[in-house]
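One structure is given here, and the rest of the page talks about it.
The values are calculated or read from the model by the stated rules, or taken from the named source; none is laboratory data. Predicted model, so just to flag it, every value in this text is computed and none were measured. Here the Cβ positions follow ideal geometry from the backbone for every residue, glycine too, while neighbour counts run over all protein chains shown. Remember, those area values only see protein heavy atoms, side chains included, never the ligands or the DNA or RNA. Shrake-Rupley method; radii C 1.70, N 1.55, O 1.52, S 1.80 Å.
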Amino acid sequence: MKQFLVVILFTSSLFSQSVFPSKDSLGETRSRTYDVVHYKIEASFDEAKKMVIGKTSITLTPLLSAITEIVLDAEDMTVSSAVIGKEKQQFETKEKTLNIRLKRTLKYGDTAVVVIDYTALPKKGLYFVQPDSLSPDKPHQIWSQGEDMDNHHWFPCYDFPNDKATSEVIATVNNSYTVLSNGKLLSVKENKKGKTKTFHWAISKPHSSYLIMIAVGEYAVLTDEADGIPLEYYVYKNQIEDAKICLSHTPKIMKFFNQRIGYKYPWEKYAQITIRDFMFGGMENTTATTMMDRILVYNARSRVDESPASLIAHELAHQWWGDVVTCKDWRHLWLNESFASYFDPLYFEYAEGEDEFTNLMYAAQQSGIFADKTFGRKPIVSSGSYTSNIYPRGASVLNMLRFVLGDEAFFRSLKYYITKHQFTAVDTDDLKKAVEEATGQNLYWFFDQWVYKAGYPIFDVSYSYNDTTKTLALRVTQTQQQDSLTGIFQTPADIEISTSQKNIVERINIVKQDSTYLFSVNEKPVNVWFDKENKILKELHFEKSTDEWKYQALHGTDVVARRTAIITMRTQHEQKNYIPLFASILQNDAFWAVRQEAAIALGMMKEQSAEKTQALLSALHDVHPKVRAEAAAQLRAVHTAEVSSALRKAIAGDSSYSVEANALASLAKVDSILALPLLKSKINEWSYGNRVSNAALNAVAELDSTSGIELALKKIQSDEDMYGRYSALSILRKYGKNNTAVIQTLIGLLRDKSLNFGAISVLGEVGNVSAIPALSELAKKEDERAGKEAKKAIEKIQQREGK
C-alpha cells in the first residue's frame, strides 16, 4: 500500500502512500487453532442505513488434535445464526470476536463449513460514499479497505495475515452499479423486477483475508492485456480518455516485473479501480488494486508535473511482494512494503535510466536518515517500526543487498525466495535463508546490522597522496553512536579515484571502526569519491579542497556525486564566488535533479549579481518542469522589474502548474503591491493538487492577513478539494488566533470526517475558552483518537489562557 505523501523526502510521485498497523496488531504472529481453506461471502447492502446484509461460509480444518470452539474476528455485527451442515451452533458475540461453540468436536483432518448469517454496520473496513452538502455531486460507492485488520468489520473471518485461503464474493447491488472483487468474474445475473444485479467473483489461489476486497459503483470498464494477463481499469465514465493515458503504464510495468522477477504474474487478472474519499494512494488487494480517484484528474497540463506511474508500479509490485508472499505478522511488514518501494524505482531504472534510479534511491536514503533523526532509531523488524523504516529505508536495504550480491545473484535469489514460499506467509528469516540457499553466502551480518538492528554508519573520510611512492592512503572512520541498537557496520564500498588521465574504481571492504586503505595511483588525483553511485545508507563527512568539490560538481560520474558536491559547497564552506560554477551547472548538467540543485544553490548565495539573476531567468525555460519551478521559487529574492515581468510571463504561459504556483509565490515577494489583484484572481483557479490556488491563497494571507482569513474561511467551507481545504486550514492556524469567526468555523468542522483532526489541532493552537465545550464532547470518547486529540487541544487552550 502507498501512503499519501509518506515522507517529504521520498516520493517519486505525488502518491507516496501506505497503511501502518494499528497498535493492536504489532505483536508476534498469532497462534491458530484452525486453517481456513475458503471464504464464500454473499452480501447485499442497505445504502441508506450503511448496512451489510451478509452470509459468510467459511471452510476450515483444525490444526490441533481436536477443537470444540471456533473463534472468528467480527465487529459491528448482529449475528442471527451459525450453522455447520444442518446443525445450528451456539454462539456468543463479544467485543471483537464471534465465538462458536461446536455441538460436535472437530478433529485434526476433519473439514467443516461454518455458515454465518448476519447484518453489519461497519465503522471501518467497509465504507459507504454518498453525496453530502459540501459535495452534492459525490458518487454513490461502496468499497472495502482491509489492511491491516479491518475486513472483519464487514464479514466474519480470521483477520490476521498468517493464514491464507481462496475466496469468492457474491454481491447483489443496484442494477446501475458494477462490482469488482478478487479473481475472475464468474457470472452477472440481473433481477429486472428487483432492479438488482448479482456479481459472482472467485479467486483460485490462496491469499490473506485482509486482501479480500469489494468495490461498488458506476464505472466504465476498459480492458488491455500484458503477457496474456487480462488487465481491467474501472474508471468514471467522464474520465475514460484521461484513464487511457494515465493507466497506459500498466502493461509496460507488468511485462517488466514478469521479466525482472522471473516469476510470472500468477493471478487470474489485474484490475485497478478508482474510488472516492480513499484514505491512501492505493491498496494492493489481490488482483484488484483500489486507488484514490484523484490519479485520473490528470489532464494534459497536470501530466507535465505528475504521473501515476510510481503508484501503479508500487501497487502492482505488491501482487508479488505482499500477495504471493505475505508477511506473517506486521513486524515483518517490510517484506511487503520495502519490496514494493524498491521495485517501483527499479521500473524507473528500466524505463528512464540509471540516473533516475540513483536519484530515487538517494531520496530514499535521505528519507530514512531524516526519520532516524526525527523519530529515533528503530529496527526495521520491530513492534512499532515507523513508516519510513518499512518503505524508503527498507528499499535502501534491498539496494545494498543487491550491491553486496551483484545483480545476477540478487535477482536469482529473489526468484528462489518467491518460488519457494509462493502463496504462504513469511517472516524475515525465510527471506534470509532463501537468499543464503540461492547464493551460498552467509548473510547473518547483513540482516543483523541492517534489519534486526538500527541506525546507519557515519563515515569520516580523508586521504593523502604520496608522490614519491605513488600511493594514495584513504582513511575511513565510523563515528556513529554505538550501543545495543547500532554497532560498527560491515560493508563493501566502491572508491572512485579521478586523475587527469582516467577514472579508477576500487572496491574496499569495511569491517572496522577505523581503517586505512592503500591504492597505487600514478599521479595525484584531481578528486576521490567514496561510495560511487551511492549504494550505502550512510552519512558522509569528506574533507576535501574547494577545487576537488568543484571538479566533482562538474565531472562526477553519478548524479549523487554531483548533487553532494553542490550541497557541500552551498552549506559547509564559506560562500565563495560559486555563482559562475552554479550558473554553468544549471545551464549544462545533463540531469534535471543536478540542475535543480544548482538553482537552489544560486538562490542561497547571499550575493546578488546579474550573472545569478540571468542564470535563474534562463532556467525558467529549462526543458524540465521541476527545474523551471525551482528557478521561479529562487527568484523571490530578486526584486527587479525584469524578474517581475518574467514571473508574470511564467504565470500566464508556462505549461506546468508547479511553475505557475511558485511564480505566484515569488511575485508576491518581488512586487507585493501590484501582485495582489492577480493573486486574488487565482484563488479559485483549478489546478491539480490545488497548487495554483493554494499558492495564491498563502501569498494573499502573507500580504493581507485579514483578506487571507476571509478567503480561507470561504474555501474551507465550500471547496470540495482536500488540498484546498487543508491549505485554508494552515492559514487559519497561522493567522486566526482568538478570531471568533475562525473558532466557530473550526468548531463546525469537528464533525467533518475529512477535516476533523486538522480542526481539532488548529483549535488547540488558535482557540480560546469558547472552544472547550465542543472539544469536551469529543474528549468523552475515550477510545477514539479524536477524543485523545481533543483532550490535548483543551490542555493547550487552558495553558494558554491560564486556566
How far is helix 407-420 tilted, in degrees, relative to the longest principal axis of the Cα atoms in the chain, given as a value from 0 to 90 rounded to the nearest 10?
10 degrees
On C-alpha positions alone, give me the angle between the axis of helix 394-405 and the longest principal axis of the chain, in degrees, nearest 10.
70 degrees
In the full protein assembly as shown, how much of residue 654 is accessible to a 1.4 Å probe, in Å² to the nearest 10?
20 Å²
Dipole magnitude (debye, nearest 20) for segment 512-573, charges at Cβ of Lys, Arg, Asp, Glu
160 debye
Restricting to bridges with both residues inside the chain, how much of the DSSP beta-bridge set is antiparallel, in percent to the nearest 5?
80 percent
Could you look at the chain and say what percent of its accessible area is carbon and sulfur, using a 1.4 Å probe and all protein chains?
49 percent
Subtract the Cα-Cα distance of residue 792 and residue 546 from 0.36 nm times their separation in residues, and report this length gain in nm to one decimal.
83.5 nm
How large is the charge dipole for the chain, taken about the Cα centre, if only the Cβ atoms of Lys, Arg (+1) and Asp, Glu (-1) carry charge, to the nearest 20 debye?
1220 debye
Ranking 672, 31, 396 from most to least accessible area with a 1.4 Å probe gives 31, 672, 396
Ellipsoid equivalent to segment 586-737 - semi-axes via the Cα gyration tensor, in Å:
28, 16, 13
The chain, helix-only ellipticity at 222 nm - DSSP H runs n ≥ 4, -39,500 (n - 2.57), divided by all residues, nearest 500
-12000 deg cm²/dmol
Can you give the net charge of the other residues whose Cβ lies under 10 Å from the Cβ of residue 124, counting K and R as +1 and D and E as -1?
-2
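So with the 1.4 Å probe, I'd like the accessible area per residue for the chain, rounded to whole Å².
40 Å²
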Given 179-191, 310-322, 705-717, the highest-first ranking by average Cβ count within 10 Å works out to 310-322, 705-717, 179-191
Measuring from the longest principal axis of the C-alpha atoms of the chain, the long axis of helix 785-801 (C-alpha) lies at a number of degrees, nearest 10, equal to 50 degrees
Run the quick spin-label model on residue 99 and residue 706: label points 7 Å from Cα toward the beta carbon, then report their separation in nm to one decimal.
6.6 nm
Once normalised by the length of the chain, the mean sequence separation of its alpha carbon contacts under 8 Å that are 6 or more apart gives a contact order in percent of 8 percent
Starting from the Cα of residue 788, draw a straight line to each of the lysines and keep only those under 17 Å, dropping any in the same chain fewer than 8 residues away.
23, 753, 780, 796
Dipole size in debye (nearest 20) for segment 706-798 around its Cα centre, Lys and Arg Cβ +1, Asp and Glu Cβ -1?
180 debye
